[in-house]
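Colleague: This is the structure I want to talk about, given as structure tokens.
The values are calculated or read from the model by the stated rules, or taken from the named source; none is laboratory data. Predicted model only: the values in this text are computed from it and were never measured. Here Cβ is always computed from backbone atoms with ideal geometry, including for glycine, and neighbour counts include all displayed protein chains.
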Amino acid sequence: MDRRDGYKNAVGLEKEVETLKEMLLHKDHPQLMFISILGESGVGKKTLSRILLHDMKNNNHFEIRVWYNMPPDSTTEHLLQTIYERARQAISPTQGDQPVQEGSCDDIAGMLRHLLANKKYLLIVVGISSKTMLNCVRASLPDNNNGSRVVLVLDIENEEIAWHANAMNNGISDGIRHLSRLDKEKSVKLFCSRAVRTNLSDETTGNSMMSMYSEVVYNITWGYPLAIVVLAGLLRFKEKPGQWMAVLQQLRSGPAMEEAHQQDGEGNQITGPAMFQEDRIEEKMSPPTTEAANLSTRTSIERVFWASFEDLPNDLKSCFLYLAAFPKDTFLSTDSIVRMWMAEGFIRPQKGKTIEELGHDYFKELALRCLVQVSAMNEAGGIKKVIVHRRLHGFLHSEAREAGFIDAHDMHDVFVPPSVRRLSFMSFQGGYTTFTNKFCKLRSFICWAKEKDHRPSSNGSGGGGVDEEHWHDLKFLQGSDLLRVIDVRGLRIKELPNEIGNKIHLRYLRVNSEHLKELPSSIQRLLNLQTLDIRDTEVAEIHPSFWKIKTLRHVIANNLTLPSSINEELGELQTLHGVKPSKGEWDQDNCPLLKMAKLRSLELHGFIDARHGAALHTALGQMHLLGHLKLKGDEISSCIFTGQRLRYLQTVELDGSGTVQWPAVDAFNDLRFVRPNLVQISLTNTNDAPEDIQEELRKAGFIRSRTPFQPVYRLSYKQGVAKPEQQGEASSSKMEQQHHGEEAEE
């Protein structure tokens, strides 16, 4: 089963799903309708909205589908720009990544109205925080009288926004759906579906499970779906029934809990906890332990969170706590987080697996424990992006602060103690911070600001340029000689201090600023560096001695020129993205790729076949571990599909104005044997596969998307040739990607 447990398995939400689908498809109300999903945190609002998006994707009822999870500090302009960009990408994928020009809110509102004119759209927006913002959204959307819909996902404290949205609907008085906690029957049904992976189809087994766990599960979780799935994730790693009983007994609500006098999801007065029956769990009286005392001071959801967190192995506990360093409601790239875990030393090496593979195994366990939600999978079925539920994020933030693990802030004007070990800033809000302390114990510095350029003041100073006062630098880190991780995004940085080369323990360096054009030569002294990530910068050259660092594992750039040659093997290098050849020619003696035989992911552009093709062919023939390949050049060799060594290759992206030299059709007859792991071929701005090769790909199980701008062939594991209606599945997947919220990276 999918680690997301699938959007088809809407346990406990079936009735709400059907009701909302009827509202979305309401043929008698063709006017634009606002629908609000309202409820407490943890009752499943976002899950319900994703189920709706998934179902609407399958029936193709709406031309454009956008799901957006707003960051807490979003402005109206940012919201409208994001909706515009994602709607445009849904219409034309090749244009969707181009940023919208900065302008007034009125400008982007007009662009959005024009884009959506005469189109049937579904917008799902999580987190609108004011009626003023909602009015701006409404004014920016055309009413095409064709059944377009806007779904708002709102916390209970924003109920007035839901009623305001409802007042905008003509002739519809009930556009608000209140999502409540689950009753006992639905609670145990959801619990069993997650804890034992059963749909309770076996009546005997189902009745036994329902009978044994209905009271205790509801008594512990009080019907909150979030608490139920985390509890199920915890018990999934315990032996049944003995260890299950011990955990459930420990978590059982006591009479002093504040929920004892709250209303349940159906309005029934709760007078106290239900006692366990003797044939379920035998209560053994014993003196309260420290753990029990800790649990007794927490709410029902927090107790489940805490028990699941405490059950983690120590290494995994540190990895999970590290996620508190990132903004809430942010989709996190597992690749990047694993590299940071590696730099911190949280992952213990094991024989037979790379550190990266072990790190992704950690994410699999966190997902199985329901401590992170999987938001995107890669083409090969691995976890690509995750998100931490807002309420779990608050718990993590509290635990990390209490343990002194991370000092995380969402503002810039704060006092930071000199003894801090990990420091995270999630927003600078346009401010500038000067640190007077030296952080001599600092191991990680993480900054995910969303700072825009500052314009010159009206007094004429600055001469029309950028206000120099607001440039940032990292000089305050000069005394932090124990640093292992630097991850800075969103700050306006035009240079790095030369002293950065003194951070001999630094293993992970990521600086993303469009103003950064060069790196100091001292970077060659970072002899323990594992990851250099300079995407979204203008760095085009790097000191040649940098490529002598033997610990390099991941180099990610945008337009970085490779050296003309490399003398020593880079035996640890796995990822090389955003690079291009130097001006000279490559031959079998000076091609730098020949020293990178253990690459697993390569993205190369700007090559000329006459100068680099032969050496590239030879280098690819040595990369027997290569799983991902992206090439952009004037002519792309057929060896990608016919070479004997690329048996691990999973995804191929061919990009640019060049020509793909497709091999003879006979070469594709044995594609499953020559490329047994291949799952996707993407083509952008280049010639499509000939019809006879397309036919061979179909026979091999590949489905071609209908998108004319970017043909994509994806492997389907269904037997036989894909049916015509199946061929639309790939074309809709690009639109489905638009539901992801504020994503960590591309």
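Colleague: Restricting to the range 636-671, give me the number of residues that are part of a loop (DSSP other than H, G, I, E, B) and either within 12 Å of ASN687 (Cβ to Cβ) or in contact with a strand residue (DSSP E or B) (Cβ under 7 Å, 6 or more places away or on another chain) (or both).
Modeller: Total meeting the criteria: 7.
Colleague: For the range 601-619, enumerate the residues that are over 17 Å from ASN558 (Cα atoms) and either aromatic (Phe, Trp, Tyr) or surrounded by fewer than 20 Cβ atoms within 10 Å (Cβ to Cβ) (or both).
Modeller: Answer for the range 601-619, where residues must be over 17 Å from ASN558 (Cα atoms) and either aromatic (Phe, Trp, Tyr) or surrounded by fewer than 20 Cβ atoms within 10 Å (Cβ to Cβ) (or both): ILE608, ASP609, ALA610, ARG611, GLY613, ALA614, HIS617, THR618.
Colleague: Kindly list, by first and then second residue, each pair from a residue in the range 112-135 that is more than 13 Å from TYR68 (Cβ to Cβ) and in contact (Cβ under 8 Å) with a residue 12 or more places away in the chain to a residue that is charged (D, E, K, R) and crowded, with 18+ Cβ neighbours inside 10 Å, limited to pairs with Cβ atoms under 8 Å and residues at least 6 apart or on different chains.
Modeller: Short answer, once both residue conditions are applied: LEU115/ARG88.
Colleague: State all residues of the range 561-585 that are within 26 Å of the chain's Cα centre (by Cα) and closer than 18 Å to GLU653 by Cβ; if no residue qualifies, say none.
Modeller: GLN574, THR575, LEU576, HIS577, GLY578, VAL579, listed by residue number.
Colleague: Can I ask one more? Report whether or not LEU368 is surrounded by fewer than 19 Cβ atoms within 10 Å (Cβ to Cβ) and in contact (Cβ under 8 Å) with a residue 60 or more places away in the chain.
Modeller: yes
Colleague: Which one of these is touching a residue at least 60 places away in the same chain (Cβ under 8 Å), part of a loop (DSSP other than H, G, I, E, B) and under 25 Å from THR575 (Cα atoms): ARG535, ARG510?
Modeller: ARG535
Colleague: Would you check if there is a residue in the range 25-36 being free of Cβ contacts under 8 Å to residues at least 12 places away in the same chain and acidic (Asp, Glu)?
Modeller: Yes: the range 25-36 contains one or more residues that are free of Cβ contacts under 8 Å to residues at least 12 places away in the same chain and acidic (Asp, Glu).
Colleague: Right, something else. Evaluate the range 101-111: report whether one residue or more is out of contact with any Leu (no Cβ under 7 Å at 6 or more places or on another chain), at pLDDT 90 or above and assigned by TED's automatic domain parsing to the domain that holds LYS21.
Modeller: yes
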